[in-house]
Amino acid sequence: MSVSGTSAGTGTGSTNGSGSGTGTSGSGARDAGVAPSSGGTGGEGSPVPAMQMLPAVQDFGTIAVNSTSSPTTFTVTNNGVADIGAVTFALSGTNAEQFSQMNDTCNATLAAGTSCSVDVVFTPNTSGTKTATLTATASRGGSASSILNGTGASQAALSISPSGTFGLINKGIQSTITFGVSNNGGVDSGIPMVSITGTPPGSNDFKLTGANTCVASIPAGIMNACYFSVTFTPTTTATEAATLNIAATPGGMTAMLTGNPLPSLQISPGVPSVNAPPGMTTSQMYTVSNTGTAKTGNLTITFSPAGAPFALAAGDTCSGKALDPMGGANPSCTFSVQYTAGVELGQIDRSEITVADSASDTVTAFISGQVLLAGVNLQLVSEGGPSVVPNFDGSNTIGFTLRNLGNAASAALNAPAVSAMQSSPDDLDMAFAISSNSCSSALMPGGECGFVVTFTAPDPSGEAGVSHGPFSGIIKVTDATLPNPNVGQLGLTGSD
């Protein structure tokens, strides 16, 4: 399309601005969209280029902090009829440093009707809305600009619930946990890829199972967006572990899978205590069960340390026998351990009992035995030993222990008290003081408590250096049994 014009003088102008007349403008034609030339003598003028950059406004969306967006291409077009110089780009504004340019093709003269481009990416370094301006400037042709927007958000952060702890599981028994996957971050995650890694046996005994719904990106802030299940079937009796991997870019995570297998063999009770009077015997029965899914090998029973005072009693149905799996005809057996008490009252003996099968599965229990008399038997001893009569010399303290060497619990204990011997002076109660007393509640069979006695030689005359004593008495502890309380007592002496 062309437009004609007429000069105020004579002559004809053309589109290139030449003419022979004098006037404000030449008569001629120009392209549409080009600003008219400024007239002068002879009607000569220069077309003014028109530069445009698109898109004029670009929103880069929400991008994770310290991650980079996909590039957006900005195109610069010379809509004029004349060449323009090389185009340069500049970023300015509040958050210009979080935008960057690349792949600039506008480094040469841009002919009329042609285009060039530059790519811009957004890399937020903090959360929140970010803005900048991209300006294109030509050495001849003016400038154009585009507004840039973007939002920084926290990284995708996947988590699972519940934890990967399977707890106590019988060997050979399968347990299953279904996990929910959540995205606690500020941007969508990548597509989760679930796997289990580690070293055997854990890497083999933990397995993905059932439906896995984690097949798409998880939106930001969505809880339990997808689910998958893991089974644990222990093949050993040792603690097992493996690594659960959820690969996603962005947003991947790892978690530990742990399980504490129990042997297929189970024994009860686990830690019993027995007692008997000196030289007498008693016994404790145990039950062994097969909680697994396969038949055991033949069982053996051993003691550590071996030998007296513990031994297998008659009626053992376990030794040499294989147990059927749980639900079978014969999944359990019993045996008894006989304890022969020694001669020393209060003596405690211990042993570890191991039940093993020929398939290398084992289970252990413990037993303790104590030499105790029938009923309640309170014995009071000083720190010097049961056969030592405590003697206080000057001002000092001695610790005492009250023991119940009977096989029955005492009643609640009364506070320790010191009573005078017949020949002792009246100020005996001033000489002995009791402190740090733990003897108050009932004393269980084989149990003990204690207190401290402090001796201070009194000086009733008030004369320094005057000797008094010796002081002697009996210290005793009784319980609340009526009408005949149980008593633990011991003589003591003191002198300055």
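The values are calculated or read from the model by the stated rules, or taken from the named source; none is laboratory data. All values derive from a computational prediction rather than experimental measurement. Here the Cβ positions follow ideal geometry from the backbone for every residue, glycine too, while neighbour counts run over all protein chains shown.
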| message | Being modelled with pLDDT under 90 and either aliphatic (A, V, I, L, M) or surrounded by 18 or more Cβ atoms within 10 Å (Cβ to Cβ) (or both) is the filter here; which residues of the range 191-210 pass it? | response | G202
| query | Do we find that I169 is surrounded by 15 or more Cβ atoms within 10 Å (Cβ to Cβ) and either on the phi < 0 side of the Ramachandran plot or at pLDDT 95 or above (or both) in this structure? | reply | yes
| note | Scanning the range 130-171 residue by residue, the ones that are within 16 Å of C116 (Cα to Cα) and part of a loop (DSSP other than H, G, I, E, B) total 3
| query | Scanning the range 450-473 for residues that are of a type in the set (A, V, I, L, M) and at pLDDT 85 or above, which turns out farthest from A431 (Cα to Cα)? | reply | V452
| request: Only one of these is farther than 19 Å from A356 by Cβ, at pLDDT 90 or above and assigned by TED's automatic domain parsing to the domain that holds I196: T258, T249, T281. Name it. | output: T258
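To keep it simple, each residue is scored yes or no on (1) of a type in the set (S, T, Y); (2) closer than 23 Å to G210 by Cα; (3) not assigned by TED's automatic domain parsing to the domain that holds D119.
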| position | (1), (2), (3) |
| --- | --- |
| T133 | yes, no, no |
| R140 | no, no, no |
| T165 | yes, yes, yes |
| L168 | no, yes, yes |
| Q174 | no, yes, yes |
| V181 | no, yes, yes |
| N184 | no, no, yes |
| note | Residue pairs qualifying under the 8 Å Cβ cut-off, at least six apart or on distinct chains, with the first in the range 194-218 being within 16 Å of V181 (Cα to Cα) and outside the structural domain of L257 (by TED's automatic domain parsing) and the second being aliphatic (A, V, I, L, M) and part of a strand (DSSP E or B), are none
| task | Test D324 against the criterion of being among the charged types (D, E, K, R) and either surrounded by 17 or more Cβ atoms within 10 Å (Cβ to Cβ) or touching a Ser or Thr at 6+ places or on another chain (Cβ under 8 Å) (or both), and give yes or no. | result | no
| Subset of the range 227-244 [farther than 14 Å from N204 by Cα and buried (at least 17 other Cβ atoms within 10 Å of the Cβ)] | F228, T237
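Wholly within the range 389-447, which strands (runs of 3 or more DSSP E) include no fewer than the required count, namely at least 1 residues that are modelled with pLDDT of 85 or more, in the same structural domain as V487 (by TED's automatic domain parsing) and surrounded by fewer than 19 Cβ atoms within 10 Å (Cβ to Cβ)?
396-404, 417-420, 432-435
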| Residue list for the range 339-362, filter: surrounded by fewer than 18 Cβ atoms within 10 Å (Cβ to Cβ) and in a strand (DSSP E or B) | T340, I348, R350, E352, T354, T362
| query | Going by the structure shown, is N95 under 46 Å from the mean Cα position of the chain (by Cα), on the phi < 0 side of the Ramachandran plot and in the same structural domain as G142 (by TED's automatic domain parsing)? | reply | yes
| task | Return yes when T254 is touching a residue at least 12 places away in the same chain (Cβ under 8 Å) and of a type in the set (S, T, Y) and no when it is not. | result | no
